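Heads up, the thing below is written out as structure tokens.
The values are calculated or read from the model by the stated rules, or taken from the named source; none is laboratory data. Please read these numbers as outputs of a predicted model, since none were measured by experiment. We place every Cβ from the backbone using ideal geometry, glycine too, and count neighbours over all the protein chains shown. Heads up: the accessible areas ignore ligands, DNA and RNA and are worked out on the full protein's heavy atoms, side chains in. Shrake-Rupley method; radii C 1.70, N 1.55, O 1.52, S 1.80 Å.
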Amino acid sequence: MREIDTTMTPEQYAAAEQDSRIRILRRSLDLRGGAKYHVKMLCFEPGETVTPIDYSSPYRDCHDTTPVVIVGAGPAGLFAALKALELGLKPVIVERGKTVEDRKKDIALLGRERKLDEDSNWCFGEGGAGTYSDGKLYTRSTKRGDTSEVIKKLIEHGADPKIAIDAHAHIGTDRLSPVIANIRNTIISHGGEFHFGCRVSDFIIHNDKVCGVVCLAGSRFEGSAVLLATGHSARDIYELFASKGWPLEAKPFALGVRVEHPQSLIDSIQYHSRKPSPLLPPASYSLTAQTSGHGVFSFCMCPGGVIVPAATAHGQQVVNGMSNSKRNSPFANSGIAVTVGLDDARQFSDAGPLALLRFQQSVESAMFSLGNDDLAAPAQRLTDFCDGRLSSSLNRSNYLGPTLSAPLHDLLPPFVVQCLQEGFRLFDRKMRGFLTDQASILAVESRTSSPVRVPRSDDGQHILLRGLYPCGEGAGYAGGIVSSAVDGINAMSKIYNNIKLRSL
Ligand SMILES: Cc1cc2nc3c(=O)[nH]c(=O)nc-3n(C[C@H](O)[C@H](O)[C@H](O)COP(=O)(O)OP(=O)(O)OC[C@H]3O[C@@H](n4cnc5c(N)ncnc54)[C@H](O)[C@@H]3O)c2cc1C
């Protein structure tokens, strides 16, 4: 068996993939000098046995073991629960939304009847915000832990093993939902519990230690510790902390718009060809620029994707993006966001740690008031936005709802407009043709990360509320599916260590 590091054309790569004596270990697309794959692979000699990779994990039977309450069944909560099963702790998951199957029906209803369910939507419900996403599985923050454990567990639960080799792996929303249901089955069959439709509204505190949760409808769940993994949209949890005077911190985040281009245009720019090889995937991009004191960057780029309404309560207008595994829609979309810090939200300084949350809410409600509808998204042609004029007509869009022409250059916060306009011009220098009237922007891309941090000590516990372990994106310590899952795994390991220490 030999390990080989090489470059291949898409055609050579397709042939290597079919060869049973070749195991691809890693592949990335190199766009310099024509699109080629950079490939690391194992070549087996004749007579050598090609053994399949074992992705199974050592889960223990936890029906009668120490319970740990997990609030939220997003990536952080679910991967914390799988870790609990490995460590011999019983995960008791309390989730405000529904199972992934029932959630799907509510999302369809939102599209049909324009009626938002505040507990079951694009962000809330089993699988969390990432369920109806592109399922991009790469993360910039690899320092926090072992991302391969997350990839392995996704494959164990039905994801395509190719996600282990791609430098920019993605699953696609159509493939992610069954994986989430399989994770649920593993958790239940090993003794864990799920309590759906339970929105946590308070904590049970005994002897200055959090030991359980109370739900809006009155149910209570107790355990040796409580892991809080409610995501960046659980504003009621931030309000609970603020109303009780429990420590929180404002956290810089980013806000902007979602830009949408014809996919064929992005392909021709990125692959430097009007007719790129059909074996190449729909092209993506990743752009950053420094403008007027703020960073502007592309975020959650979805090749062949759709734009989705991602609000979690009435009176908000929020967009995000997703794609299915084939990424085969004719549109490419991406969040383009501007960094927002406390200096940009001085008008909300009275709100203390919630100042940036109030800023985020104010933009979302201003965007909602344009259409007064849970679905309608304000939109503008990209060139009109940059030139400061209302679009007399809009491009066709793959947004899952109606769009309405709006002067976003007048309506978004002025510093956001200025930075986006500068950013789009700079992006056009890096990707000639990016700034075109064939592209549209839709507002507002505001749920990029949490505008609040729930501060924790090195042992994983909240700095005041002992027994409470804030983690994942909502705690402000992670962003994205993989990093939130890693943070959940780390938090559960800390709970285990602290329980073990207490029992010594
Ligand atoms: C449309 C969309 C597309 C995305 N695409 C990608 C992508 O391609 N790749 C990527 O890496 N990231 C993507 N993201 C971001 C990613 O989904 C999040 O970073 C990730 O899901 C955060 O994980 P989490 O577990 O910390 O929180 P969440 O996924 O937000 O999960 C929190 C859970 O807590 C529940 N909850 C909230 N409040 C309460 C309460 N009071 N009581 C009980 N339960 C509660 C929620 O219902 C939810 O299930 C996308 C997000 C969206 C919205």
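From the list Ser493, Ser503, Ser440, Ser457, the one residue that fits, being among the hydroxyl-bearing types (Ser, Thr, Tyr) and under 23 Å from Gly321 (Cβ atoms), is Ser440. Checking each residue in segment 23-43 for being without any contact (Cβ under 8 Å) to a residue 60 or more places away in the chain, under 33 Å from the mean Cα position of the chain (by Cα), farther than 16 Å from Ala167 by Cα and open to solvent by less than 40 Å² (accessible area, probe 1.4 Å) picks out only Leu42.
Within segment 450-472, the set of residues being polar (S, T, N, Q) and surrounded by 24 or more Cβ atoms within 10 Å (Cβ to Cβ) comprises just one member, Ser450.
The single residue among Asn490, Asn498 that is farther than 16 Å from Ile237 by Cα, part of a helix (DSSP H, G or I), away from the ligand (no atom under 15 Å from the Cβ) and open to solvent by 10 Å² or more (accessible area, probe 1.4 Å) turns out to be Asn498.
Residue check: is Ser397 assigned by TED's automatic domain parsing to the domain that holds Ala332 and surrounded by fewer than 19 Cβ atoms within 10 Å (Cβ to Cβ)? Criteria not met by Ser397.
For (1) out of contact with any strand residue (DSSP E or B) (no Cβ under 6 Å at 6 or more places or on another chain); (2) closer than 21 Å to Thr173 by Cβ, each residue gets a yes or a no:
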residue	(1), (2)
Thr51	yes, no
Asp106	no, yes
Gly135	no, yes
His157	yes, yes
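Determine if segment 453-472 includes at least one residue that is assigned to a strand (DSSP E or B), at pLDDT 95 or above and either touching a Phe, Trp or Tyr at 6+ places or on another chain (Cβ under 6 Å) or more than 16 Å from the ligand (Cβ to nearest atom) (or both). Yes: segment 453-472 contains one or more residues that are assigned to a strand (DSSP E or B), at pLDDT 95 or above and either touching a Phe, Trp or Tyr at 6+ places or on another chain (Cβ under 6 Å) or more than 16 Å from the ligand (Cβ to nearest atom) (or both). Any idea which of (1) within 11 Å of the ligand (Cβ to nearest atom); (2) open to solvent by 10 Å² or more (accessible area, probe 1.4 Å) is the one Arg447 doesn't satisfy? Among (1) within 11 Å of the ligand (Cβ to nearest atom); (2) open to solvent by 10 Å² or more (accessible area, probe 1.4 Å), Arg447 violates only (2).
Residue by residue, here is whether (1) over 24 Å from the mean Cα position of the chain (by Cα); (2) within 16 Å of Leu255 (Cα to Cα); (3) in a strand (DSSP E or B); (4) touching a residue at least 40 places away in the same chain (Cβ under 8 Å) holds:
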{"residue": "Leu404", "(1), (2), (3), (4)": "yes, no, yes, no"}
{"residue": "Asp410", "(1), (2), (3), (4)": "yes, yes, no, no"}
{"residue": "Val417", "(1), (2), (3), (4)": "yes, yes, no, no"}
{"residue": "Leu420", "(1), (2), (3), (4)": "no, yes, no, yes"}
{"residue": "Leu426", "(1), (2), (3), (4)": "yes, no, no, yes"}
{"residue": "Arg429", "(1), (2), (3), (4)": "yes, no, no, no"}
{"residue": "Phe434", "(1), (2), (3), (4)": "yes, no, no, yes"}
{"residue": "Asp437", "(1), (2), (3), (4)": "yes, no, no, yes"}
{"residue": "Ala443", "(1), (2), (3), (4)": "no, yes, yes, yes"}
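For segment 253-275, indicate whether the set of residues that are open to solvent by 40 Å² or more (accessible area, probe 1.4 Å), modelled with pLDDT of 95 or more, within 24 Å of the chain's Cα centre (by Cα) and over 22 Å from Asp487 (Cβ atoms) is non-empty. Looking through segment 253-275, none of the residues is open to solvent by 40 Å² or more (accessible area, probe 1.4 Å), modelled with pLDDT of 95 or more, within 24 Å of the chain's Cα centre (by Cα) and over 22 Å from Asp487 (Cβ atoms).
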